[in-house]
1. Within 10 Å of each Cβ of A:242-250, how many other protein chain Cβ atoms are there on average?
2. So what's the angle, to the nearest 10 degrees on a 0 to 90 scale, between helix A:31-40 and the longest Cα principal axis of chain A?
3. Choose one answer from A:Leu53, A:Leu291, A:Leu81: the residue with the largest mean-square fluctuation in a GNM of chain A with alpha-carbon springs under 10 Å.
4. To the nearest whole number, what is the average tally of beta carbon atoms from other chains within 10 Å of the beta carbons of peptide B:44-55?
5. How far is helix A:2-20 tilted off the main Cα axis of chain A, in degrees rounded to 10, range 0 to 90?
6. Under 37 °C and 0.692 mPa s, how fast does the stretch A:54-200 diffuse according to Stokes-Einstein, given a Kirkwood radius computed over C-alpha pairs? Answer in µm²/s, whole number.
7. I'd like to know how the stretch A:186-342 sits against the 2.2 N^0.38 Å rule of thumb: what's its Cα Rg over that expected value?
8. For a bin width of 20 Å, list the pair-distance distribution of chain A built from all Cα-Cα distances, rounded to whole %.
Amino acid sequence: MMLDRVDDARKRIQDAVAALARPVNIMEVCGTHTVAIFRSGIRSALPSSVKLLSGPGCPVCVTDPGYIDRVMDLAARDDCLVATYGDMIRVPGKNGSLETMNRSNVHVVLSSDDAVHLAREHPKKTVVFVAVGFETTTPATAVAVMTAEKMNLNNFCILSAHKLVVPAMQALLSDPNNKIDAFLCPGHVSVIIGSEAYRPVVEQFRRPCVVAGFEPIQVLEGIAEICRQLADELPQVTSLYNAVVTPRGNTRAWKLIETYFEPYDGPWRGLGCIPRGSLRLKPCYERFDALVRFGIEEIPGQEPEGCLCGRVLCGLIDPPQCGFFGSVCTPDTPVGPCMVSSEGACSAWYKYGRRGTIHGK
Amino acid sequence: MCLAVPARIIELTEDRGVADAMGNRWPVRTTLLPDVRIGDIVLIHAGFAIATVDEEEARKTWDLFAEIADFQERQIPLAKEEESA
Ligand code: SF4
């Protein structure tokens with residue numbers, strides 16, 4: 001039954017590709033898809049004219065280098081405790097990473113709730129929550145701020161690097177040099193924002209937006225659906241992940257985001273400042289904003305010298321085209337975040353690339 | 001990082017509870033899904049339930065995770081050997 005589905009999807013891809021008679025570039029905007037695609041060897045099951053690009057789908061990878069430096073500066077202060085998801089501690093800034101800093105005031109948390117608890121347990125310190133992530137993660141930060149507000153905690157704040165997926169997709173397509181024909185849309189971000197959130201991308205840029213889950217067969221079927229839409233010249237919003245994705249998403253979660261945050265033109269690694277692509281706390285919650293509290297300016301940082309993560313994230317190059325890939329830069333000695341994060345494109349290429357793809361160097 | 005794991009709610013008081021997936025247990029908050037009850041299966045991301053899922057969908061994901069864990073244990077060391085070779 002599963003093999004039938006695989007054969008059927010592959011056949012649909014071949015038929016569409018034959019009708020198209022041109023190369024097709026599909027970008028996935030989800031780090032978990034990147035890993036699923038490599039691990040399952042989907043790339044090698046595709047015709048050579050269908051190319052998959054790993055886009056800005058890993059929140060760790062798209063975080064501006066200046067943000068890491070600001071977190072490190074805060075971690076160096078004796079009056080602060082820094083609470084961060086584990087993904088962030090190995091990302092290098094200009095003076096090493098939180099891990100190499102080896103400070104006892106850096107705490108790895110599994111949930112924003114843990115950061116609030118930390119603040120309650122340490123009333124003499126200010127807890128700074130390293131608030132990174134897309135729409136899947138932002139509601140958790142909103143609840144943390146809400147909880148701190150209810151508890152009247154005045155020693156809890158967040159340093160927001162929260163980002164919105166749809167503005168990034170629009171920014172990529174607005175670049176006249178982009179090679180993107182369609183998007184494979186992220187499963188769990190879509191749980192929150194709903195599949196209808198991609199409608200502006202389809203209407204404005206006429207690119208198919210297909211939401212898929214993480215089972216390899218569903219990813220393959222997503223690619224088949226995209227190829228069919230391209231061949232028919234009928235771009236649409238389609239969700240194959242109906243087990244958890246609804247057209248309007250989790251409206252309560254989205255409402256919480258809107259209550260506490262507002263969009264602004266914040267910096268992304270490799271993509272610059274994207275119009276309304278980042279989220280910051282609204283002015284009425286500025287007492288929870290680490291930037292305001294510590295009088296910090298949000299200055300975009302420099303990528304590590306020689307690291308091409310920015311170009312990887314835009315789908316302009318594949319990781320092996322970076323001179324550091326696999327030599328200077330490996331998962332044990334990462335130079336850029338795309339090699340640090342297990343969902344980063346460089347890390348996925350390093351672990352699975354040779355086996356999982358025919359689009360090698 | 002945006003990965004969410006399905007797990008069954010086994011304890012719940014207001015919006016705080018405990019969820020179980022394949023024998024692993026985590027604290028969970030259900031603030032984003034106010035109608036959730038004990039026994040429901042939810043997708044959990046960074047300690048928060050973000051959507052309910054049915055048993056069949058959850059089972060598929062649990063099977064996939066078991067496979068990935070197994071695959072990673074076997075494949076990552078292999079990739080490294082290849083690199084140093
Ligand atoms: S291989 Fe390393 S240095 Fe090159 S782009 Fe990737 S993370 Fe950056």
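1. Numbers: counts 1, 11, 11, 1, 1, 0, 0, 2, 6.
Neighbouring Cβ atoms belonging to other protein chains average 4 per residue here.
2. It is inclined by approximately 40 degrees.
3. Highest fluctuation of the listed residues: A:Leu291.
4. Values: counts 1, 9, 13, 9, 9, 1, 13, 10, 2, 3, 2, 0.
The shielding value for this peptide is 6.
5. In chain A, helix A:2-20 runs at an angle near 70 degrees to the longest axis.
6. 198
7. Working: Rg = 19.1 Å, N = 157, 2.2 N^0.38 = 15.0 Å.
With N residues counted in the stretch A:186-342, Rg over 2.2 N^0.38 Å equals 1.27.
8. With a bin width of 20 Å, the distribution comes to 30, 56, 13, 0.
Rule-based calculations on the coordinates, nothing more; no lab input. Please read all numbers here as calculations on a predicted model, not as lab measurements. Note that we place each Cβ from the backbone using ideal geometry, even for glycine, and neighbour counts take in every protein chain shown.
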